[in-house]
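This report concerns only the one structure given below.
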Ligand SMILES: [Zn+2]
């Protein structure tokens, strides 16, 4: 059996792994590469494998860096089943649809093609089959897959593959585990990551492998402090939000803070069509969520009277006419595109305004520049001087920190013997690998792009 790393090696995004047995080629995730230099064409490149030769695909969760090349996979000849949890299927649909306009804009600007069209998304969705957590699915001869709640976003999973001994180098049945992205524990609205029972080989994300996050329980208070400081001086608070999960967590926290009268009732704009549609799916999938606080009077965890969902472009532009202190939640989270740029153009140079970073900022993105303290940035070819206050609340991160990742790596039946670290910048993965060695875990590999391993 061979395992090849076709993505998420030297960078956080582009998740794509291939497990090949004697009878099947199993693709785990098929995500887009994000956060590259402008006009990069990586997502247009041919796959380094024959798409038509892939037997089956599994998807850990709906984020674009795990799903973004699935329509291209189908377009290039893949004709098998794509397994994902049922909420992931719903979310992946809107994520892929939403990506079309962004890709078209970029293609027009850079003079290159698009990786897929609307029709490819339709066909891709027809291949996708929703499964439940804990359901045993025989995805190929001698390989049984199971999805487990990863607590990262709605529907997110880590996937265990139980492989028959006839396929393994040891001659014994083995359990190969793909972590996907792992969330933090004690996250409001999401269950904790299901503990891993055991694993022989673990492909583990390490996005925050060298960080220990702020305390989760104080993040509501920190959010209130940021809101009150910007609103108190009459400014606009911009929150570039990842449309899935972070936005719903923010709405949930704001709902609680407003209910407790810890922040004033200023207009709050949710200015992202994707986030608005995703929030609808969250409302429909309440049974997958865990709420540690009763909903406010309206019975809706994600809405309050001063919330304005601006779906259309006209509604979005009308926010400009509102001169009151306000909060604007807009995508995209890394500020590499989307409606947030229009608001940044207007408010980033205002001393009384603020921008709150609540998620990972990939290299080369505008978000990373701002996080790193850039004083002047370029938005739509305009130079903008940053006078607004930049805030950062790491506890909103949807990725587990070093403590969480280490906990996951020690399953119920002793530490995982063999680990591959993915999804992290190289120095971060190296620091995490060094840390794991101090914890007695020595067989840790940091694979390179396209590197193959015999299992
Ligand atoms: Zn993710």
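Any read-out appearing in this document is the output of simple, stated calculations on the displayed coordinates, not a laboratory observation. Every value quoted in this text rests on a predicted model; they were computed, and no experiment measured them. Quick reminder, even Gly has a Cβ in these numbers, built from the backbone with ideal geometry, and neighbours come from all protein chains shown.
Taking Cα atoms of the chain, Rg/Rh with Kirkwood Rh, to two decimals?
The Rg/Rh ratio comes out at 0.96.
By count of other Cβ within 10 Å, fewest leading, how are 372, 260 ordered?
372, 260
Using a basic spin-label model with each label point 7 Å from the Cα along Cα→Cβ, how many nm lie between residue 126 and residue 44?
With each label placed 7 Å out from Cα toward Cβ, I get 2.7 nm.
For the chain, find the longest principal axis of its Cα atoms and tell me its angle to the long axis of helix 426-438, 0 to 90°, nearest 10.
It is inclined by approximately 60 degrees.
Expressed as an acute angle from 0 to 90° and rounded to the nearest 10, what is the orientation of the C-alpha long axis of helix 86-110 relative to the principal long axis of the chain?
It is inclined by approximately 70 degrees.
For the stretch 396-428 and the stretch 329-387, what is the centre-to-centre distance using only Cα atoms, to the nearest Å?
Computed from Cα coordinates, the inter-centre distance equals 30 Å.
Treat each spin label as a single point 7 Å out from the Cα along the C-beta direction, and report the residue 81 to residue 261 distance in nm.
Roughly 5.6 nm, to one decimal.
What full-extension length gain, to one decimal in nm, is calculated for residue 351 and residue 454 as 0.36 nm per residue of separation minus the Cα-Cα distance?
Additional length available on full extension: 31.4 nm.
In square nanometres, what is the average projected area of the Cα convex hull of the stretch 103-242?
It is 14.2 nm².
Specify the angular offset, from 0 to 90 degrees and rounded to the nearest 10, of the alpha carbon long axis of helix 246-259 from the longest principal axis of the alpha carbons in the chain.
It is inclined by approximately 40 degrees.
At 7 Å along the Cα-to-beta-carbon direction for both residue 378 and residue 403, put a label point, then send me their distance in nm to one decimal.
Placing both labels 7 Å beyond Cα along the Cβ direction yields 4.2 nm.
For the chain, what is the relative contact order in percent, using Cα pairs closer than 8 Å and at least 6 residues apart in sequence?
19
Could you please state, rounded to a whole Å, how far the C-alpha centre of the stretch 167-229 is from the C-alpha centre of the stretch 278-319?
That distance is 25 Å.
When the Kirkwood radius is taken over all Cα pairs of the stretch 216-396, what Stokes-Einstein diffusion coefficient follows at 4 °C and 1.567 mPa s, in µm²/s?
So the translational diffusion coefficient is about 79 µm²/s.
Below 8 Å, C-alpha to C-alpha, sequence gap of six or more: please give me the relative contact order for the stretch 216-396 in percent.
Relative contact order here is 31 percent.
Taking 0.36 nm per residue of sequence separation and subtracting the Cα-Cα distance, how much length would be gained by fully extending the chain between residue 185 and residue 314, in nm to one decimal?
Full-extension gain reported as 42.5 nm.
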